[in-house]
Amino acid sequence: MTGHTIKRIERLNYVLGGVTIIVAALTQTSRPALGVAVGVVLTCLNFAALRVLVSRWTAAVAAGDSRGSNRIYLILPKMIAMMGAVALSALFLPINVIGFLIGYSVFLPSIVIGAMLDVMAPGPAPAAGPPTGGDATPPQTPASESHG
């Protein structure tokens, strides 16, 4: 995956999350709708934080930084904060947990759609050069003398 793909997935996360919140607000009571909204906000924050961390890691590795695999430990504070936010939301906010799970899961279709767009996107245009394929004329070989 490239940085462009990750940014596309993040934007899809925002768009699908917004649509999900609107649909929930129009079709559900306040507790499930609030659960969806809180779930979408937390998943968008989580994905944005991951994008920043991963882009910094890849830039540092490309620049020749030698800290190596210790970078993975930087994700632990983010993960602990996200788990705390999920637990605090479920315990103290007047939300429906199923609605929360639906909102938090919006990143899954974002990843699937983003990956499909990445696969189906046309590649770079071919460079102009001599024609190849069936319409090219075969090279001429000199007639060989027969030794007969």
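Tabulated data
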quantity	calculated
Index of the failed condition, residue 14 passing every other in (1) at pLDDT below 95; (2) assigned to a helix (DSSP H, G or I)	(1)
Boolean, residue 98 is among the β-branched types (Val, Ile, Thr), surrounded by fewer than 14 Cβ atoms within 10 Å (Cβ to Cβ) and assigned to a helix (DSSP H, G or I)	yes
Residue pairs meeting the criteria (Cβ under 6 Å; at least 6 apart or on separate chains; first assigned to a helix (DSSP H, G or I), in the range 45-66; second surrounded by 15 or more Cβ atoms within 10 Å (Cβ to Cβ))	46/82; 47/10; 47/13; 47/107; 49/78; 51/6; 51/10; 57/71
Residue 53 hydrophobic (A, V, I, L, M, F, W, C) and in contact with a Leu (Cβ under 7 Å, 6 or more places away or on another chain)	yes
Restricting the range 62-80 to residues that are within 21 Å of the chain's Cα centre (by Cα) and at pLDDT 75 or above, the residue that is farthest from residue 32 (Cα to Cα)	62
Only listed residue being surrounded by 13 or more Cβ atoms within 10 Å (Cβ to Cβ), of a type outside the set (Ser, Thr, Tyr) and either in a helix (DSSP H, G or I) or free of Cβ contacts under 8 Å to residues at least 24 places away in the same chain (or both), chosen from 76, 42	42
Odd one out for residue 8, checked against (1) under 15 Å from residue 105 (Cβ atoms); (2) in contact with a Gly (Cβ under 7 Å, 6 or more places away or on another chain)	(1)
Subset of the range 19-34 (residues that are touching a residue at least 60 places away in the same chain (Cβ under 8 Å) and polar (S, T, N, Q))	20, 28, 30
Test for residue 110: is it closer than 23 Å to residue 11 by Cβ, within 21 Å of the chain's Cα centre (by Cα) and surrounded by 18 or more Cβ atoms within 10 Å (Cβ to Cβ)	yes
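Quick grid of which residues meet (1) under 30 Å from residue 121 (Cα atoms); (2) in contact (Cβ under 8 Å) with a residue 40 or more places away in the chain:
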{"residue": "11", "(1), (2)": "yes, no"}
{"residue": "17", "(1), (2)": "yes, yes"}
{"residue": "93", "(1), (2)": "no, yes"}
{"residue": "107", "(1), (2)": "yes, yes"}
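The values are calculated or read from the model by the stated rules, or taken from the named source; none is laboratory data. Bear in mind the structure is a predicted one, so any value in this text is a computation, not a measurement. For neighbour counting, all protein chains shown are included, and Cβ atoms are generated from backbone atoms with ideal geometry for every residue, glycine included.
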